[in-house]
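Just passing along the structure, written as structure tokens.
The values are calculated or read from the model by the stated rules, or taken from the named source; none is laboratory data. Quick caveat: nothing in here was measured; it's all calculated off a predicted structure. Cβ atoms come from the backbone with ideal geometry, glycine included; neighbour counts cover every protein chain shown. The accessibility values were calculated without ligands, DNA or RNA, using every heavy atom of the protein model including side chains. Shrake-Rupley method; radii C 1.70, N 1.55, O 1.52, S 1.80 Å.
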Amino acid sequence: MIRHIVLFRFEAESSPAARAALITAFRALPALIAEVRAFEEGPNLSPEGLGQGFDHAFVMRFADAPARDAYLAHPAHQAFVAQTRGVVAQALVFDLAAGSAA
């Protein structure tokens, strides 16, 4: 199982409506892309002050790396990525094998 973590730092100039529309579009991806096994999202709630300006997180799970790769290449995902321009200042993406232990 692959866990795909995406963090967004929104453009300061982006409107709350543009941010909400983008989050709604991200939420729609699991219904459009069969390889997505699970999806969670939400704003940064940490009181530690270490978020480095990242505002929102998205976590998706895939059965394996080929399923994740199919998601990345899927036209719906590519269209979503194009929507982030002008709304997202920076994205951080991190994948790990779910259940990994040190």
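Evaluate the following for ALA89: is it touching a residue at least 12 places away in the same chain (Cβ under 8 Å) and open to solvent by 60 Å² or more (accessible area, probe 1.4 Å)?
Numbers: touching a residue at least 12 places away in the same chain (Cβ under 8 Å): yes; open to solvent by 60 Å² or more (accessible area, probe 1.4 Å): no.
No; evaluated as a whole, the condition is false for this residue.
Oh, and also: For the range 20-75, give me the residue count where each residue is touching a residue at least 60 places away in the same chain (Cβ under 8 Å) and in contact with a helix residue (DSSP H, G or I) (Cβ under 7 Å, 6 or more places away or on another chain).
Counting residues in the range 20-75 that are touching a residue at least 60 places away in the same chain (Cβ under 8 Å) and in contact with a helix residue (DSSP H, G or I) (Cβ under 7 Å, 6 or more places away or on another chain) gives 3.
Follow-up question, since we're still on this one. Taking only the range 1-52 into account, find how many residues are closer than 25 Å to ALA98 by Cβ, open to solvent by 90 Å² or more (accessible area, probe 1.4 Å), charged (D, E, K, R) and part of a loop (DSSP other than H, G, I, E, B).
Of the residues in that region, 2 qualify.
Taking the range 76-96 on its own, how many of its residues are assigned to a helix (DSSP H, G or I) and either of a type outside the set (Gly, Ala, Ser) or at positive phi (or both)? Write out each step before concluding.
Filtering the range 76-96 down to residues assigned to a helix (DSSP H, G or I) leaves 76-83.
Filter once more, keeping what is either of a type outside the set (Gly, Ala, Ser) or at positive phi (or both): 77-78, 80-81, 83.
Counting residues in the range 76-96 that are assigned to a helix (DSSP H, G or I) and either of a type outside the set (Gly, Ala, Ser) or at positive phi (or both) gives 5.
Here is a follow-up. When residues of the range 53-71 are filtered for being part of a helix (DSSP H, G or I), open to solvent by 30 Å² or more (accessible area, probe 1.4 Å) and either in contact with a Gly (Cβ under 6 Å, 6 or more places away or on another chain) or over 13 Å from ILE5 (Cα atoms) (or both), how many remain?
Taking the range 53-71 and keeping what is part of a helix (DSSP H, G or I), we get 65-71.
Now restrict to residues that are open to solvent by 30 Å² or more (accessible area, probe 1.4 Å): 65-66, 68-70.
Add one more test, that the residue is either in contact with a Gly (Cβ under 6 Å, 6 or more places away or on another chain) or over 13 Å from ILE5 (Cα atoms) (or both), and what stays is 65-66, 69-70.
Looking only at that region, the number is 4.
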